[in-house]
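Heads up: the structure comes next, in structure tokens.
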Amino acid sequence: MEEVLQLKGQIKEKERELVILRKKLAQLEKLSDFPTDDLLDKITPLAPVTPKTSLTNEDIMRFSRQLLLPELGVKGQLKLSKTSVLVVGCGGLGCPLAQYLAAAGIGRLGLLDHDEVELSNLHRQVLHSERTQGQPKSHSAAQAIRRLNSTVQCVPYHLQLSSENALQLIQQYDIVADCSDNVPTRYLVNDACVLSGKPLVSASALRMEGQLTVYNYNGGPCYRCLYPVPPPPETVTNCSDGGVLGVVPGIMGCLQALEVLKIASGQGSSYGQQLLMFDGQGSRFRSIRLRPKQAGCAVCGENPTVTQLQDYETFCGSAATDKCRRLNLLSKEQRITVQDYKSIVDSSTPHILLDVRPQVEVDICHLPSSLNIPLASLEQRKAEHIHLLRERISDLKQQLDAQSQVPVYVVCKQGNDSQKAVQILEKMSGPEVDCVSVRDICGGLMAWAQKIEPSFPQY
Amino acid sequence: MISEVSVLYFAKGAELTGLKSETVKLPSELTTLQLWQELEGRHPKLSVIREQVVLAVRQEYVALGDQSVSLRDGDEVAVIPPLSGG
Ligand SMILES: [Zn+2]
């Protein structure tokens with residue numbers, strides 16, 4: 001008899017567990033649905049964040065470990081709960097930033113990004129996942145944030161910030177975090193923050209380095225005070241070209257979150273007139289004291305010339321994206337398509353395939369029988385590399401009749417560096433590269449992977 | 001008077017010079033513009049970042065111009081171009 005009762009009790013217990021598990025599953029399924037209705041592709045006015053007058057028991061439990069800090073306390077927590085923050089860019093910086101702000105109980109998070117989640121994002125953009133590949137990043141980030149803290153109001157914007165929408169959007173938020181990945185957007189966000197009087201917590205990262213400054217805050221400089229002239233586009237390296245170790249933007253995004261939380265809770269930021277630099281290789285932080293706000297600044301100065309938003313792509317001479325620019329340096333006769341190169345390979349026509357990518361990229365993938373001489377070595381006319389090229393040319397020449405030119409096809413990742421290399425090789429005269437015909441392969445190895453050999457890796 | 005200072009190159013600065021740091025002998029008294037020109041003289045490629053560079057002496061920003069700066073042995077000069085990635 002006792003055993004029967006025991007078993008009945010156990011069954012009841014298991015049934016209760018099942019109910020809980022089903023509920024959890026239903027909740028998760030609901031979250032991972034794709035509710036496009038709450039994803040904004042335009043800007044609509046938002047009601048102000050409802051200020052809380054006291055913390056609920058659940059708030060007290062959730063935030064207990066930070067409520068114990070005298071620097072924050074209940075007062076600071078209540079301030080956080082009524083603060084709205086616009087996150088410009090849900091990438092390597094924006095993900096950790098949004099995550100910590102939501103965890104800490106920020107009131108409202110605007111999550112802006114016009115891009116979709118790709119596999120190559122996941123090493124650093126830690127709110128996204130294999131399951132959200134292909135989805136708008138703003139939506140993917142919002143889902144992850146809701147799972148973490150459902151009391152935070154998330155407003156995902158799947159759109160490109162522009163001169164037309166930036167002011168309307170930024171005016172609706174208390175603090176702006178620049179987590180963008182390109183120069184035009186950085187000037188746009190800066191100007192919009194100056195014109196609407198919002199503090200701008202700005203960070204950036206590349207390779208193993210990061211930088212952070214709070215602009216337009218407490219008499220400190222704005223981005224233009226420090227950088228009145230945008231950099232020439234060809235001097236700007238982005239993450240898709242230069243690479244980035246994921247944890248580096250992670251560290252910078254976390255520092256950004258810290259400064260946002262200090263400003264939101266009333267403690268104030270220490271980076272209003274400082275540039276924080278992080279060198280991940282030497283694991284060193286340095287703070288540079290910056291100059292104050294400049295009276296002659298074009299946007300925040302005494303006689304501003306920028307009184308409304310401009311065309312920032314024109315101003316910077318580059319597109320508001322971190323995707324690769326397409327150069328067009330050569331004539332049609334100096335280039336061949338991947339399809340044409342394929343038929344050269346198929347017909348075993350004697351030629352030299354010169355791969356001008358850096359060694360680190362050749363290690364990732366390369367076509368068989370390619371000769372690797374990095375563009376930098378060609379630019380510097382490195383003797384050992386020129387010698388190598390000359391040898392290959394003269395080897396091939398012996399197979400061809402004396403009159404004909406040796407065909408050299410130059411390839412790189414996307415077809416930009418290969419054009420520069422063609423120009424350099426054509427300028428080189430003398431015995432080393434004489435009697436060659438040099439052309440570049442349009443679109444590079446990525447075009448080869450897309451159009452000719454689907455099993456070739458893309459990166 | 002000559003001072004031996006350590007010059008640090010960050011981001012694009014390191015890429016253009018091929019160096020993360022170097023020890024350089026420089027006049028102890030010079031203008032900030034002369035300081036930059038000394039560095040550009042050593043590494044002509046640095047000229048492309050001249051308009052954006054944050055040049056810091058002893059961890060303090062100096063604008064390129066005719067204000068003078070005193071360098072002492074062991075001082076740290078940093079060449080910091082902006083990063084824009086994220
Ligand atoms: Zn300014």
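What the table below lists for this structure:
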item: With DNA, RNA and ligands ignored, accessible area of A:Tyr459 (1.4 Å probe; Å², nearest 10); result: 80 Å²
item: Accessible surface buried once A binds B (1.4 Å probe; total of both sides; Å²); result: 2600 Å²
item: Peptide ranges A:175-184, A:358-367, A:139-148 listed from the most packed, as the mean C-beta count within 10 angstrom indicates; result: A:175-184, A:139-148, A:358-367
item: Residues listed by number, the range A:74-117, amide nitrogen under 16 Å from A:Thr56 label point at 7 Å toward C-beta; result: A:78, A:81-82, A:105-108
item: More than 13 angstrom apart: percent of Cα pairs within the range B:2-80; result: 63 percent
item: A:His387 paired with A:Met428, simple spin-label distance in nm, labels 7 Å along Cα-to-beta-carbon; result: 1.4 nm
item: Apportionment of accessible area to carbon and sulfur, chain A, percent (1.4 Å); result: 53 percent
item: Proximal charge balance of A:Val19 [Cβ under 13 Å; K/R count +1, D/E count -1]; result: +3
item: Ranked packing of A:201-210, A:160-169, most packed first, by mean Cβ within 10 Å; result: A:201-210, A:160-169
item: Label zone at B:Ala63 (point 7 Å along Cα-to-Cβ), backbone N below 16 Å, the range A:205-249; result: A:220-229
item: FRET efficiency estimate (nearest 0.05) - Cβ-Cβ, A:Lys323 to A:Glu379, R0 30 angstrom; result: 0.80
item: 222 nm mean residue ellipticity, helices alone, for the protein assembly as shown (DSSP H n ≥ 4; -39,500 (n - 2.57); rounded to 500); result: -10500 deg cm²/dmol
item: Net charge contributed by nearby residues that have their C-beta within less than 13 Å of A:Val247 (K/R +1, D/E -1); result: +1
item: Cut-off 12 Å between beta-carbons: net charge of the residues surrounding A:Ala98, Lys and Arg +1, Asp and Glu -1; result: +2
item: Peptide-level mean, for B:48-58, of C-beta atoms on other protein chains within 10 Å; result: 4
item: Accessible-area ranking of A:Thr237, A:Thr53, largest first, probe 1.4 Å; result: A:Thr53, A:Thr237
item: Span from the the range A:112-141 Cα centroid across to the the range A:88-106 one, whole angstrom; result: 13 Å
item: Paramagnetic reach from A:Gln281 in the range B:16-35 [backbone N under 19 Å; point 7 Å along Cα→Cβ]; result: B:16-24
item: Gained length - A:Lys82 relative to A:Leu18, 0.36 nm times residue gap less alpha-carbon distance; result: 19.3 nm
item: Cβ neighbours within 10 Å from other chains - mean over A:225-238; result: 4
item: Using alpha-carbon coordinates, inclination of helix B:32-42 to the longest axis of chain B, degrees; result: 70 degrees
item: Average other protein chain Cβ within 10 Å of Cβ, residues A:204-217; result: 3
item: Relative contact order for the range B:2-80, counting Cα pairs under 8 Å that sit 6 or more residues apart, in percent; result: 44 percent
item: Cβ-Cβ FRET estimate between A:Gln168 and B:Thr23, R0 fixed at 41 Å, reported to 0.05; result: 0.20
item: Protection-proxy order for peptides A:4-10, A:261-267, B:72-78, each taking the mean of Cβ atoms within 10 Å per residue, highest first; result: A:261-267, B:72-78, A:4-10
item: Between the range A:366-443 and the range A:243-262, the alpha-carbon center distance in angstrom; result: 43 Å
item: Contour excess over end-to-end distance, with Cα ends at A:Gln334 and A:Gln398 and 0.36 nm allotted per residue; result: 20.6 nm
item: Fully extended contour minus Cα-Cα distance, from A:Ser129 to A:Gln310, at 0.36 nm per residue; result: 61.6 nm
item: Solvent exposure, largest accessible area first (probe 1.4 Å, DNA, RNA and ligands not counted), of A:Phe285, A:Phe456; result: A:Phe285, A:Phe456
item: Binned Cα-Cα distances of the protein assembly as shown, short to long, each 10 Å bin given as a whole percent; result: 3, 15, 22, 22, 17, 11, 5, 2, 1, 0, 0
item: Share antiparallel - DSSP beta bridges, the protein assembly as shown, percent rounded to 5; result: 50 percent
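The values are calculated or read from the model by the stated rules, or taken from the named source; none is laboratory data. As the structure is a prediction and not an experimental result, all values here were calculated from the model. Using ideal geometry, Cβ is built from the backbone for each residue, glycine included, and neighbour counts are taken over all protein chains shown. These accessible areas exclude ligands, DNA and RNA; they are computed on the full protein's heavy atoms, side chains included. Shrake-Rupley method; radii C 1.70, N 1.55, O 1.52, S 1.80 Å.
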